Amino acid sequence: MFNNLTNFSYKRNWKEAIGFYLAYLLLGIILSGIVGGLAGSGYNTFNQGFTRGVSVGPMVAVIFCLIISGLLLKEKKLFRKFGYIILALLSGILAILGGTLLGLIIPAIITTKELH
């Protein structure tokens, strides 16, 4: 289930795609929390820092989902197919709406596609 997580050209079955989703969901949440925490440090009050961190975290989630989608398209050689580019961009839109939780659904599905 959690094999070949960093091999973006690997064709996964649905069970492995769920493992990919869960592993990168955890990574995205941790990354967003760290970057949000760093962005919120250095302010005079907790509320100022918290507000800044909460606004930066979702931006990190969008960028993270777009990077994962782009890496998948590159490694699977699908970046020349317009439909897959639209799906990768849709991943970013879903990340805007629901963070990493929604944004990684499409990359998990793309991992089940053949290498071209």
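Here, each number is a calculation from the coordinates, and none is a lab measurement. Keep in mind that this is a model prediction, so the values were computed, not measured. When we count neighbours, we look across all protein chains shown, and the Cβ atoms used for this are built from the backbone with ideal geometry, even at glycine.
Report the extension gain between residue 27 and residue 93 in nm, rounded to one decimal, defined as 0.36 nm multiplied by the number of residues separating them, less their alpha carbon distance.
On the way: separation 66, 0.36 × 66 = 23.76 nm, distance 1.92 nm.
Value of the extension gain: 21.8 nm.
Roughly what angle does helix 82-103 make with the longest principal axis of the chain, taking Cα atoms, 0 to 90 degrees, to the nearest 10? Here the helix axis deviates by roughly 40 degrees.
Rounded if a/c is under 1.5, else prolate if a/b is larger than b/c, else oblate: which is region 39-89, with a ≥ b ≥ c the root eigenvalues of its Cα gyration tensor? Write down the numbers at each step before the final one.
Numbers: a/c = 7.56, a/b = 4.02, b/c = 1.88.
The shape class here is prolate.
Region 77-91 and region 95-116 have Cα centres spaced 11 Å apart.
Let me know the longest stretch in the chain that avoids all chymotrypsin sites (Phe, Trp or Tyr not before Pro) found in a DSSP loop with at most 16 other C-beta atoms within 10 Å. Present the calculation step by step, with values, prior to reporting the outcome.
Numbers: sites that count: 2, 10, 43, 79.
Longest gap between qualifying sites, sites excluded: 80-116.
Projected label points at residue 59 and residue 6, each 7 Å from Cα along the beta carbon direction, are separated by 2.9 nanometres.
Projected label points at residue 18 and residue 75, each 7 Å from Cα along the beta carbon direction, are separated by 2.1 nanometres.
Could you grab the relative contact order for the chain? Cα pairs under 8 Å, six or more apart, rounded to a whole percent. List each step's numbers first, then the result.
Values: 159 pairs, mean separation 38.2, N = 116.
With pairs under 8 Å counted, the relative contact order is 33 percent.
Here the chain is treated with +1 on each Lys and Arg Cβ and -1 on each Asp and Glu Cβ, and its dipole about the Cα centre works out to around 380 debye. Mind checking the log10 I(q)/I(0) for the chain at q = 0.20 Å⁻¹? Debye, one equal scatterer per Cα, no solvent, two decimals. The Debye formula, applied to the Cα set alone, gives -0.97.
Fully extending the segment from residue 46 to residue 85, taken as 0.36 nm per residue of separation minus the present Cα-Cα distance, adds 10.0 nm. Shown here for region 1-96: trypsin sites (Lys or Arg not before Pro) in loop regions (DSSP other than H, G, I, E, B) with at most 16 other Cβ atoms within 10 Å, namely 11, 77, 80, 81.
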